[in-house]
1. Which of the following residues is modelled with pLDDT under 95 and of a type in the set (Val, Ile, Thr): Thr77, Thr54, Thr70, Thr86?
2. If you go through region 81-88 one residue at a time, do you hit one that is surrounded by 13 or more Cβ atoms within 10 Å (Cβ to Cβ), on the phi < 0 side of the Ramachandran plot and touching a helix residue (DSSP H, G or I) at 6+ places or on another chain (Cβ under 6 Å)?
3. Between a first residue in region 114-126 that is of a type in the set (Lys, Arg) and a second residue that is part of a helix (DSSP H, G or I), which pairs have beta carbons less than 7 Å apart while being 6 or more apart in sequence or on different chains?
4. For Asp31, are the conditions met, namely being under 30 Å from Trp129 (Cβ atoms), under 18 Å from the mean Cα position of the chain (by Cα) and among the acidic types (Asp, Glu)?
5. Select from region 89-138 the residues that are over 20 Å from Ala63 (Cβ atoms) and polar (S, T, N, Q) and write down the one among them that is surrounded by the fewest Cβ atoms within 10 Å (Cβ to Cβ).
6. Return the residues of region 70-80 that are surrounded by 13 or more Cβ atoms within 10 Å (Cβ to Cβ) and within 25 Å of the chain's Cα centre (by Cα); say none if nothing qualifies.
7. Those residues that are within 27 Å of Trp120 (Cβ to Cβ) and charged (D, E, K, R), I need them from region 1-27; list them, please.
8. For region 14-56, how many residues meet the condition of being surrounded by 14 or more Cβ atoms within 10 Å (Cβ to Cβ) and among the aliphatic types (A, V, I, L, M)?
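The values are calculated or read from the model by the stated rules, or taken from the named source; none is laboratory data. Everything quoted here is computed from the prediction, not taken from an experiment. Positions of Cβ are backbone-derived with ideal geometry, glycine not excepted, and every protein chain shown enters the neighbour counts.
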Amino acid sequence: MKGFCIGVKIIEVLGEEERFGVPGYSVRYEDGYASWSPKDALEKAYFSMGDNQTSITRTMVNAFIDNVETKQIDTRTVQGKGTCITGFSKWVKSECVNPAKMDKEAEADNCRAEIRAKVWEFLSFVLQWGQRGLKVME
């Protein structure tokens, strides 16, 4: 193999530990290998799952979404933009059938719900990659 790679793994953070004046964390990998990682490097590469390594929760989804903006773009449509802590943005829209009965806040709520659902799906994909790797051996 040559070139760049991207990977996903689940690690257990055992606790904070300073080494040579550098803040960091003691960590353990799935195979039992123990190591230490500088705080900045670990927090840039890993998203905290708390004590749960088997499922995505509403708390995780909400923590992963940095900001949601909504705006009405015409008489029937509200557009939403959800920006994640990675900088990735997901755009959605919600439309009502009858412009005379447009409820901007209800349509904005639909956008926010759809963004949360998409982020949940993305995080579930990443979790499964971390759990199973790229090749599942049955």
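1. Checking each option against the conditions leaves just Thr54.
2. Yes: region 81-88 contains one or more residues that are surrounded by 13 or more Cβ atoms within 10 Å (Cβ to Cβ), on the phi < 0 side of the Ramachandran plot and touching a helix residue (DSSP H, G or I) at 6+ places or on another chain (Cβ under 6 Å).
3. Final answer for the pair search is Arg116/Val61.
4. Details: under 30 Å from Trp129 (Cβ atoms): yes; under 18 Å from the mean Cα position of the chain (by Cα): no; among the acidic types (Asp, Glu): yes.
Judged against the criteria, Asp31 is not a match.
5. Filtering first and then ranking leaves Asn98.
6. Initial filter on region 70-80 (surrounded by 13 or more Cβ atoms within 10 Å (Cβ to Cβ)): 70, 72, 76-80.
Once the filter is applied, which keeps residues that are surrounded by 13 or more Cβ atoms within 10 Å (Cβ to Cβ) and within 25 Å of the chain's Cα centre (by Cα), region 70-80 yields Thr70, Val78, Gln79, Gly80.
7. Scanning region 1-27 gives Lys9, Glu12.
8. So the count comes out to 4.
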